[in-house]
Amino acid sequence: MKRKPLIVCTLALSALIYACKVQMATNTPAGSPAPMTAAVDKDTALPLAPFAVTPLTPEQSQQAFVLPPGYHMELVASEPMITEPVAIAWDGNARMYVAQMETYTQDADGTGTKDKKSRVMLLEDTNNDGKMDKSSVFIKDLMLPRMILCVNHELLVNETDTYDIFSYKDTNGDGVADEKRAVYTVGKVAPGNLEHQRSGLVWNIDNYIYQTVDPIRFRYVGGMLKPDSLHSGSNGQWGLTHDNYGRLFYSRGGGENAGSGFQINPKYGALEFADAYNEETFSPVWSRISNPEVQGGPPRLRPDSTLNHFTSGNGQSIFRGDRLPADLVGDYLINEPVARIIRRAKVVNRDGKTYLENVYKHKEFIASTDFFFRPVNTYTGPDGLLYIIDMNRGIIQESNWTKKGTFLRNKIDQYGIAKVNQRGRIWRLVHDGYTPGPKPNMLDVPAVDLVKHLDHANGWWRDNAQKQIVLLGDKSVIPTLKQMAGGQKGASALGRLHALWTLEGLEAIDKELLTATLKDTDAQIRRASVWISERYLKQNDADMIARVGGLVSDPNYDVKTQLVLSLGANKNERARQIVQDILAQNPENQMLARAKNSIDRNEDAKVYGMKLGGFTASERKLIVSGGEIYKGMCSPCHGGDGNGLPTNAAPALRGARHVNNDRDYAIRILLHGLKGPIEGKTYPSEMASMKDNTDEWIASVVSYIRYEFAGTSVRGIKGRQSAVVQPEEIKKVRESYPSSREAWTIDELEKQLLPTTTLK
């Protein structure tokens, strides 16, 4: 498993590989290397700026942005009010909560990383000028908080190294949480480096709360988070967002993937298309300054020393506000903090299949010449504008990859950037001629006052009005919502859609309403109606199966795809026939066929335990646990099916002899890491050591990989039963080498272990 960071991927490559062309700025510290420039971009006709490793003030950094005409950046908050921000959430009255990882890589050795010194800040803009002027420490003494979500007057928080989620509440109005309660408890340590754990906690239009990495989603019921399994695993790393219609967008920085998981909802399985974005036109990034700190060496840099493609895509969002130009609405925005840019892409639907297409050629939507600009999250705000979280720091990688003697560490020390931390900015993007929208007032008001916001032009308002009505559980608004969803209140299509999903959240859906909305003129409402009707379809309700079957020839491919997803696993003969009719009528449609395949694989995943019937209970536990770890942590680089990724971020594992032939190969690789060419092929970065995890953790991963990806040539007579590796075997190998053992090369492994032709 190749390891790359969750928030970002790297700070690594020497600027001295390339020629320095100008002298250092006068304010650059003595002894620092000269700044670097690059050639004029032939398409944009703008020269790249020299970089200097002197931190900029917020005012200087504000002037360092390179933006399209008409756009400019405003400062919302900065140090010392906030430090090391990674995520924000607004409550219904637009008070901003800021999660801060204040012990994240404070020096190159990671001193004190796991100290419980991080905080969640509460910020307020009391005069509505867009800049926060009031702050308080809402929660202190946390372990690197990574997910936050406002629910009414409470804030849900998840910290690093734990699956548990707690609710915090300020009961006396002083801006400090004084009440804490558990809303989801697992009670065990979340394994893995802090950069490979979950993010998100996003309340989607379907009233489920989604996160990355872990294969579950939640429903907020009775003040508690009720988990629901995602049988084919989750997706993504740092960053999660959704569009107006509930389509989720993940990204996987470790796999150099700038967008994934957006074809179907993960509850239906996993579906990716290699051509969802064009590698030649979408993957390259276009910095405005040289990027001397790139992991992967010279292959990651152009001759002008700029990063040549995404290595750490993260913090994505779909812009859904109403106070920026209309052509930005619905666009996909994703950060690349190594390049100091934010990409803008169009989300294009062709016959039900979704594509991402770069808006600009050889330039980016947002770029900065501030060397320490580190965007890690983006959001649509209550005021209808775009918000950007900028950690504004030197090292942008966890200390597992910055150890003494490494190439990365040498460059960190050379530039002295480890000292640049305890900073952070929150920016908002504005445009000439547009004024920010008013502040919302959604807390402590009755549900009837919130209904009108379901038709608001700003997606933030629609989302939060729906969430608040569902949280209040006020049934008195059901008649109004039904009229609105049915088109009797003159609401827009988006307003009708939110009314429909709000009814779903209130458990107030009925077949009469669905019969009407299945005939709506808007395709996305018809699609949502099929989706919501699953409560009846799963009960083999013949009447409802027939009603949704009336859409078998719907002109919209999103509707037909939803029919395949909602009926694809149904055992009812009529349901099966509807799916077959759709496939038969659209034999050339790639999306429909692949959606059916995903459903079939997802059903297999639900009964995965049946495949393990020949193993003992303890062996099954190891393999299943390893599968969960693999899907959340390893698949971003090696692929969910073990066949690698189109980006060739890491080698394929399926049938790989160094993983499957001799268990000691895999054990040593997991314990100590792997570097250098593999069977003559070089990969972007080395496999990091997993030795900090327990023997059982490593045994689980090795067992799953050997069980799932062993080729037929290495299974031998015993077959998969020989795949399991016990924790005591890990312990034995661990004790055979010093803890400081460096990463293996394949040649070293070959000398240590003779390859075999059958599993031991």
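Full extension of the chain between residue 743 and residue 616 yields a length gain of 42.4 nm, computed as 0.36 nm times the residue separation minus the alpha carbon distance.
Of the cross-linked pairs 116/403; 467/606; 169/475; 538/606, which ones have a Cα-Cα span greater than 27 Å in the structure shown? With Cα atoms farther than 27 Å apart: 467/606. Counting other Cβ atoms within 10 Å as a rough exposure proxy, the listed residues 319, 282 run 282, 319 from fewest neighbours to most. In plain terms, the chain from residue 519 to residue 67 could stretch by 158.4 nm, reckoned as 0.36 nm per residue minus the Cα-Cα distance. Cβ-to-Cβ counts within 10 Å put 76, 221, 702 in ascending order as 221, 76, 702, the fewest first. Residue order for 535, 425, fewest other beta carbons within 10 angstrom first, comes to 535, 425. A simple count of charges around residue 456, restricted to other residues whose Cβ falls under 15 Å of its Cβ and scoring Lys, Arg +1 and Asp, Glu -1, yields +3.
Using the rule -39500 (n - 2.57) for each DSSP H run of four or more residues, divided by the residues of the chain, the 222 nm mean residue ellipticity is -7000 deg cm²/dmol.
Free of any GluC sites (Glu not before Pro) that DSSP assigns to a loop and that have at most 10 other C-beta atoms within 10 Å, the longest stretch within the chain is 1-587. Most simply put, the chain has about 100% antiparallel DSSP beta bridges, counting only bridges with both residues inside it. Using a simple spin-label model with pseudo-atoms 7 Å out from Cα toward Cβ, residue 348 and residue 109 lie 5.2 nm apart. Just to be sure I understand, if you calculate Rg and Dmax of the Cα atoms in Å for this structure, which of [x] 25.9, 79; [y] 28.2, 88; [z] 26.8, 94 do you get? Calculated Rg and Dmax of the Cα atoms in Å: the matching label is [x].
Read-outs: derived from the displayed coordinates by stated rules, not from any lab. Not measured: the values here are computed from a predicted model. Cβ sites come from the backbone with ideal geometry, for glycine too, and all protein chains shown count toward neighbours.
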